[in-house]
1. Tally time: how many residues in region 69-94 are part of a strand (DSSP E or B), closer than 19 Å to Gly54 by Cβ and in contact (Cβ under 8 Å) with a residue 12 or more places away in the chain?
2. Could you please find all residues in region 61-104 being acidic (Asp, Glu) and under 15 Å from the mean Cα position of the chain (by Cα)?
3. How about region 92-104: which of its residues are open to solvent by less than 50 Å² (accessible area, probe 1.4 Å), farther than 13 Å from Glu6 by Cβ and among the small types (Gly, Ala, Ser)?
4. Could you tell me whether region 30-49 includes any residue that is among the polar types (S, T, N, Q), in a loop (DSSP other than H, G, I, E, B) and open to solvent by 50 Å² or more (accessible area, probe 1.4 Å)?
5. For region 12-30, enumerate the residues that are within 29 Å of Val99 (Cβ to Cβ) and of a type in the set (A, V, I, L, M).
6. For the subset of region 105-121 comprising residues that are assigned to a strand (DSSP E or B) and loosely packed, with under 13 Cβ neighbours inside 10 Å, which member is farthest from the chain's Cα centre (by Cα)?
7. Here is a list: Asn76, Asn83, Asn58. Which entry is crowded, with 20+ Cβ neighbours inside 10 Å and polar (S, T, N, Q)?
8. Could you look through region 18-29, keep only residues that are at negative phi and not hydroxyl-bearing (Ser, Thr, Tyr), and pick out the one that is surrounded by the fewest Cβ atoms within 10 Å (Cβ to Cβ)?
Amino acid sequence: QVQLVESGGGLVQAGGSLRLSCAASGRDFSVTVMGWYRQAPEKQRDLVATLTGGGRTNYADSVKGRFTISRDNAKNTVYLQMNSLKPEDTAVYYCNAGVSSRSDGTYFEVWGQGTLVTVSS
């Protein structure tokens, strides 16, 4: 079983920065794509950014130029550096990973528990 543990959320003023971290743990697995999604109150969960093992990134238009996704493949950890935060960035941020089992090759997605980011105006 693979688990994702997130950290780094909190309260910040508009214009400030936060860095989210997400570490994958478990046995006999390899991680392909890792990413971040967010869900604001009464809204659907939307993609923020993804990063493949080969380094290909994808960002939501609303965060381009402000957020940067990166990962440490050796640690199975993905980061989200968020700069120039806006009140509309307020949401619960979820880590997501595409994982392959080394024992039988099964591919599945794993979600973190979510971390709240609140940006005050």
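1. Looking only at region 69-94, we keep the residues that are part of a strand (DSSP E or B), and these are 69-72, 77-82, 91-94.
Now narrow it down to the ones that are closer than 19 Å to Gly54 by Cβ: 69-72, 77-80.
With the extra rule that they be in contact (Cβ under 8 Å) with a residue 12 or more places away in the chain, the set shrinks to 69-71, 77-80.
Result for region 69-94: 7.
2. Restricting attention to region 61-104, the residues satisfying the condition of being acidic (Asp, Glu) are 61, 72, 88-89, 104.
Asp72, Asp89, listed by residue number.
3. Initially, region 92-104 is screened for residues open to solvent by less than 50 Å² (accessible area, probe 1.4 Å), giving 92-101.
From the residues that got through so far, the ones that are farther than 13 Å from Glu6 by Cβ too are 98-101.
Gly98, Ser100, Ser101 - these are the residues of region 92-104 that are open to solvent by less than 50 Å² (accessible area, probe 1.4 Å), farther than 13 Å from Glu6 by Cβ and among the small types (Gly, Ala, Ser).
4. We begin by selecting, within region 30-49, every residue among the polar types (S, T, N, Q); these are 30, 32, 39, 44.
Subsequent filtering for residues that are in a loop (DSSP other than H, G, I, E, B) retains 44.
Keeping just the survivors that are open to solvent by 50 Å² or more (accessible area, probe 1.4 Å) gives 44.
Checked against the condition, which is being among the polar types (S, T, N, Q), in a loop (DSSP other than H, G, I, E, B) and open to solvent by 50 Å² or more (accessible area, probe 1.4 Å), region 30-49 yields at least one hit.
5. Leu18, Leu20, Ala23, Ala24
6. Ser120
7. Numbers: Asn83 fails: crowded, with 20+ Cβ neighbours inside 10 Å; Asn58 fails: crowded, with 20+ Cβ neighbours inside 10 Å.
Criteria check complete, one pass: Asn76.
8. First, pick out the residues of region 18-29 that are at negative phi: 18-25, 27, 29.
In the following step, the residues that additionally are not hydroxyl-bearing (Ser, Thr, Tyr) were identified as 18-20, 22-24, 27, 29.
Numbers: Leu18: 21, Arg19: 14, Leu20: 23, Cys22: 25, Ala23: 17, Ala24: 22, Arg27: 9, Phe29: 19.
Going through the qualifying residues, I end up with Arg27.
The values are calculated or read from the model by the stated rules, or taken from the named source; none is laboratory data. Note that the structure is predicted; figures quoted are calculated from it, not measured. Using ideal geometry, Cβ is built from the backbone for each residue, glycine included, and neighbour counts are taken over all protein chains shown. Surface areas here come from the heavy atoms of the whole protein model, side chains and all, with no ligands, DNA or RNA. Shrake-Rupley method; radii C 1.70, N 1.55, O 1.52, S 1.80 Å.
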